[in-house]
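Below is one structure, written out as structure tokens, with a few remarks after it.
The values are calculated or read from the model by the stated rules, or taken from the named source; none is laboratory data. None of these values were measured; they are calculated from a predicted model. Neighbour counts run over all protein chains shown; Cβ positions are idealised from the backbone, glycine included.
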Amino acid sequence: MCVTIFTHRCFIVIFKLYRDQIVQRNMALLRNYVYKQVPKERYDVLKSRYDEFLDAMNDANRDPVKVFDPFPATYTKQLELIREISRDLQQKKDEDVKKAAQAREAEEQQKKANAEEKNEEDTKEESQQEVQEKKNE
């Protein structure tokens, strides 16, 4: 029992050390990635715009400062096309959901109608059996 507890504790300690190593390695990679994804000149431009944005944030009289450049016309056209297609697909999905709901309702109504017919047939058969029993008495 003591050996298993000791082994378990050793495993936990080793696992935590290994996990910490992985986290440290990933953080180092992430730090390097953050600094490499934007060129220095671009970073300086964005940083200066952001500083202007912060200065203008509490002043209602100044026009809003845009930190990032607007999308090119081709991007906006593509974005509009994607939105239009998404809108169409959403409408088709809504129609399919409505059709499925209507089919489900029709199926439930059919089941109810079949159950009612069966109940009527059962009551007719019972009444016919009662009539035959009365005749036999």
Taking Asp122 as the residue in question, decide whether it is free of Cβ contacts under 8 Å to residues at least 40 places away in the same chain and not in a helix (DSSP H, G or I).
no
Would you confirm whether any residue within the stretch 59-72 is part of a helix (DSSP H, G or I) and either surrounded by 10 or more Cβ atoms within 10 Å (Cβ to Cβ) or modelled with pLDDT under 80 (or both)?
no
Here the qualifying pairs (Cβ atoms under 7 Å; residues six or more apart or on different chains; first in the stretch 75-103 and of a type outside the set (S, T, N, Q); second part of a helix (DSSP H, G or I)) come out as none
Among Glu116, Glu133, Glu95, which is at pLDDT 90 or above and acidic (Asp, Glu)?
Glu95
